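A.B. asks: Once you've had a glance at the structure underneath, I'll fire off some questions.
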Amino acid sequence: MWARVFGVAVLMCGCAVCGGAEDYLNSVKGQRLPGSSEQVGLWWASSGWKVGRDMAIPQTQDQAVTIRAAKNEVEAAQLVIRPRASIKGLTITPGTLTGPSGATLPATCVEILEVRYVNVTRPTDKSAVAGDWPDPLPPLDRPVDLEAGKNQPFWVRVRVPREARAGVYEGELRVTAADLSVTAPLRVEVYDFELPHRMTCVTAFGFDDGLAYRYHGVTDPQQKRQVLEKYLANYSAHHICPYNPAPLDPIRVTWPDVRPPKPKWQGGKPVTNEKHSGQRSLLIFDDRADLNVDASYEPLVPIPEAGLRLRFWYRTAVPEQVFLVTLNHHDSEGKWISGGNNDMTLDGNGHWQEFDHVIKAFPNGARFVQLRLRAARWTDEGEGTGLVWFDDVSLTDPATGKELIEDGGFEPPELPPVDQAKLQVKFDFTAWDKAMERAIDHYGFNSFRLGIPGLGGGTFHSRNEPELLGFAEDTPHYKAMFHSYCSQIQEHLRAKGWLDEAFVYWFDEPDPKDYAFVNNGFAKLKAAAPDINRMLTEQVEPALLGGPNIWCPISDHYRHDLAEQRREHGEKFWWYVCTGPKAPYCTLFIDHPGTEMRVWLWQTWQRKIDGILVWETNYWTSSAAYPDRDRPQNPYEDPMGWTSGYSTPAGKKLPWGNGDGRFVYPPVKAADGRPAAPVLEGPVDSIRWEMLRDGIEDYEYFVILKRLIESKGARIDTASKDRYAALLEVPVEVTKDMTIFTKDPSPIEAHRDRVARAIAELNRE
């Protein structure tokens, strides 16, 4: 009883809502090692702590850096060095670890990483503070210099082979420099059970392979594969499944007998959720800070003697959005007349407005015009961004009123009848199957995102209407083609045994105004391929019931009572964190305590949640905050995840949070995205990335214990069964509720140790 009361007291003193981040960074953590001296402070700390540069040297003592892990598990601790005077050329060399009956763990099982700091200048929220925060973990592959009077942690990571013998192993870490030679004892206890190759907790994380190639400076296809393999290996080692583990080997799709209609307008997206009249308008969405995005009427329009009357309705997404409508002039042979454009700059107010203007002045030699609609000003760099809807576009002869363009209302085209038997898709799965077999069998990934063309998509911000090869949703052509695609994909997944791993994630965080649209998409998918998982990033809403079979709310919107009701219908639950929630919840931010990502997985187990999702893992630059494509963000120098898209203008810095969307870093030599030569290394880990892995492995400890209790059944006496079952409950010392949890990793590690020893006991019975 006393221990539990004491534990709760510790929890309450270290909870997420108590104290400031500055106190957290500077509070004393860890234990001094025998090699510590007046000249060089030497101690170790749990991997779950973030050690501040100026934290005082702990006074409590211990004999060795201590790590506990199961077979086929990776665990780490921190070795911290604080020199009285600066040190040049420091190295750390692990030795062989010797264990029971002469068994060994070779030195290659131990990795040493440098803990680097990023300078937080704009704290994520009120719980955080500015200053140096530890996060990147580049390999210690060269001697390093240490600053006088400053702490320098090193990440000591041990990979326990699956064939290792259980027991305690002892060795040392040799720390050397020009005038320094000291050893740090290392103790590793191997639990008597093995973690599986593939974890139970589903993970689904975004990975932008194109951004990785850009930062690594690789364009050659073979070099891209080299870099990609290193990222996949890293993600596998952390039990994180990228949305798409086969970006270089997509499914090859052809429609051999389909002749899609050729639209008059090129660019833009016909949409139904915003319109001035009729059924549709044309959306121009420019979210590229390095490209001018527009839509053009492709046929050249002859210029009448009386000139041209241009009319259209428009609506900007936000007030004061400046955009451009252009008439490009062409001569009698259809050649563009350089420098002779007629640019009309408009400033929207966020509501539908009308433009009506007669144009009579044209450059010499102009005989035709081409109409172009833009969502921002045109510039050489294309840094302007914006979102504008256009409708009822008209070019007429002002003398006669004759209309000179077609489809200015962007309505669905009339389609000739087509033999539906010919509207069938043909697949080539050869390359994709090979890549996916490697992803699932070799890397142990337990999920992948499946793209379904024709569903449309979008977010609460905007949406894309469903169409296939130019055929609208309400045409028989679309219906036949959509069914052909979905049904064939489903049967291929079934034959490969991958139905459980596949999920469709086609709409993100819908607003209530889009619920009917989302339901319609899910209904089509359900009818054509009922066994493919349908995931939606939204909390349970009555209006959405029957659509998704995997709900994925943001963590602070999860309702356990509603989840339990839906579980009775066979539905599953994931949850996610992103730019929110912020403190006092578990978050992914750099300037928050180290335990948060690990505790998040304990909360995941506690609420019977099957999986976790994060929108991105290598979001290293913002196209809005860093619009110059040749000078992207350096995540080591600027740790903030700045907003991109959502009509954010180029050059505008709107914060999402430090480290948001970023769990790995590019290699140090590729940090600025402008390496002198291709960088063929893997990503650099972070403390938060390591905590995610630890949390996922902790979740697996609970799974293993639960399965053992169930499998042993009557062979376990009632008292023992109750004792084991109690260990499946997450202690309040770890997390009392969603907002009260430990900053101190020791309650986590203590309960994990109890679970591990219970597993070993049950394995021996």
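The values are calculated or read from the model by the stated rules, or taken from the named source; none is laboratory data. Since the model is a prediction, treat every value here as computed from it, not as a measurement. Every residue, glycine as well, gets a Cβ built from its backbone with ideal geometry; the counts of neighbours run over all protein chains shown.
A.B. asks: Would you mind finding the one in Y231, Y297 that is in contact with a strand residue (DSSP E or B) (Cβ under 6 Å, 6 or more places away or on another chain) and aromatic (F, W, Y)?
C.D. replies: Y297
A.B. asks: Looking at the range 162-198, which of its residues are among the hydrophobic types (A, V, I, L, M, F, W, C) and part of a strand (DSSP E or B)?
C.D. replies: Correct list: V168, L173, V175, A177, L180, V182, A184, L186, V188, V190, F193.
A.B. asks: Against the definition (out of contact with any Lys or Arg (no Cβ under 9 Å at 6 or more places or on another chain), under 30 Å from F205 (Cα atoms), modelled with pLDDT under 95 and crowded, with 16+ Cβ neighbours inside 10 Å), how does L387 come out, yes or no?
C.D. replies: yes
A.B. asks: Shifting gears a bit: Quick check on the range 604-655: of everything there that is in contact with a Ser or Thr (Cβ under 7 Å, 6 or more places away or on another chain) and of a type in the set (S, T, Y), which residue is surrounded by the most Cβ atoms within 10 Å (Cβ to Cβ)?
C.D. replies: Checking each candidate, the answer is S622.
A.B. asks: Give the range 665-681 a look and list any residue that's touching a helix residue (DSSP H, G or I) at 6+ places or on another chain (Cβ under 7 Å) and surrounded by 21 or more Cβ atoms within 10 Å (Cβ to Cβ), or say none.
C.D. replies: P666, A670, G673
A.B. asks: Shifting gears a bit: Quick one: would you say E697 is under 16 Å from the mean Cα position of the chain (by Cα), under 29 Å from R116 (Cβ atoms), part of a helix (DSSP H, G or I) and of a type outside the set (F, W, Y)?
C.D. replies: It is false that E697 is under 16 Å from the mean Cα position of the chain (by Cα), under 29 Å from R116 (Cβ atoms), part of a helix (DSSP H, G or I) and of a type outside the set (F, W, Y).
A.B. asks: Take the range 199-227 and flag every residue that is in a helix (DSSP H, G or I) and either out of contact with any helix residue (DSSP H, G or I) (no Cβ under 9 Å at 6 or more places or on another chain) or closer than 30 Å to Y701 by Cα (or both).
C.D. replies: Those that are in a helix (DSSP H, G or I) and either out of contact with any helix residue (DSSP H, G or I) (no Cβ under 9 Å at 6 or more places or on another chain) or closer than 30 Å to Y701 by Cα (or both): G210, L211, R214, P221, Q222, R225, Q226.
A.B. asks: If you don't mind, there's one more thing I want to ask. Given the residues C586, C578, which is the only one that is surrounded by fewer than 24 Cβ atoms within 10 Å (Cβ to Cβ), part of a loop (DSSP other than H, G, I, E, B) and not acidic (D, E)?
C.D. replies: C578 is the lone residue from the list that is surrounded by fewer than 24 Cβ atoms within 10 Å (Cβ to Cβ), part of a loop (DSSP other than H, G, I, E, B) and not acidic (D, E).
A.B. asks: Working carefully through the options L300, L248, L291, L228, find the one that is of a type in the set (A, V, I, L, M, F, W, C) and buried (at least 20 other Cβ atoms within 10 Å of the Cβ).
C.D. replies: Exactly one of L300, L248, L291, L228 is of a type in the set (A, V, I, L, M, F, W, C) and buried (at least 20 other Cβ atoms within 10 Å of the Cβ), namely L228.
A.B. asks: Here's a follow-up. Only one residue in R372, R377 is in a strand (DSSP E or B), within 40 Å of the chain's Cα centre (by Cα) and not hydrophobic (A, V, I, L, M, F, W, C), so which one is that?
C.D. replies: Just one listed residue meets the conditions, R372.
A.B. asks: Which condition does L25 not pass, out of (1) farther than 30 Å from V160 by Cα; (2) modelled with pLDDT under 95; (3) assigned to a loop (DSSP other than H, G, I, E, B), if it passes all the others?
C.D. replies: Against the list (1) farther than 30 Å from V160 by Cα; (2) modelled with pLDDT under 95; (3) assigned to a loop (DSSP other than H, G, I, E, B), L25 comes up short only on (3).
For (1) touching a residue at least 24 places away in the same chain (Cβ under 8 Å); (2) farther than 23 Å from K669 by Cα; (3) in the same structural domain as R598 (by TED's automatic domain parsing), each residue gets a yes or a no:
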{"site": "G206", "(1), (2), (3)": "yes, yes, yes"}
{"site": "R214", "(1), (2), (3)": "yes, no, yes"}
{"site": "Q222", "(1), (2), (3)": "no, no, yes"}
{"site": "L228", "(1), (2), (3)": "no, no, yes"}
{"site": "L232", "(1), (2), (3)": "yes, no, yes"}
{"site": "P242", "(1), (2), (3)": "yes, yes, yes"}
{"site": "R252", "(1), (2), (3)": "yes, yes, no"}
{"site": "W255", "(1), (2), (3)": "yes, yes, no"}
{"site": "P260", "(1), (2), (3)": "yes, yes, no"}
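A.B. asks: Consider the range 512-570. How many of its residues are under 26 Å from L601 (Cβ atoms), of a type in the set (G, A, S) and not in a helix (DSSP H, G or I)?
C.D. replies: Residues that pass the stated criteria total 1.
A.B. asks: Would you say L387 is outside the structural domain of M481 (by TED's automatic domain parsing), within 25 Å of E616 (Cα to Cα) and part of a strand (DSSP E or B)?
C.D. replies: It is true that L387 is outside the structural domain of M481 (by TED's automatic domain parsing), within 25 Å of E616 (Cα to Cα) and part of a strand (DSSP E or B).
A.B. asks: How many residues are surrounded by fewer than 16 Cβ atoms within 10 Å (Cβ to Cβ) and either of a type in the set (K, R) or out of contact with any Phe, Trp or Tyr (no Cβ under 8 Å at 6 or more places or on another chain) (or both) when one looks only at the range 722-739?
C.D. replies: Summing the residues that are surrounded by fewer than 16 Cβ atoms within 10 Å (Cβ to Cβ) and either of a type in the set (K, R) or out of contact with any Phe, Trp or Tyr (no Cβ under 8 Å at 6 or more places or on another chain) (or both) in the range 722-739 gives 6.
A.B. asks: For the range 301-335, which residues satisfy the criterion of being hydroxyl-bearing (S, T, Y) and out of contact with any strand residue (DSSP E or B) (no Cβ under 7 Å at 6 or more places or on another chain)?
C.D. replies: Hit for the range 301-335 is S332, nothing else.
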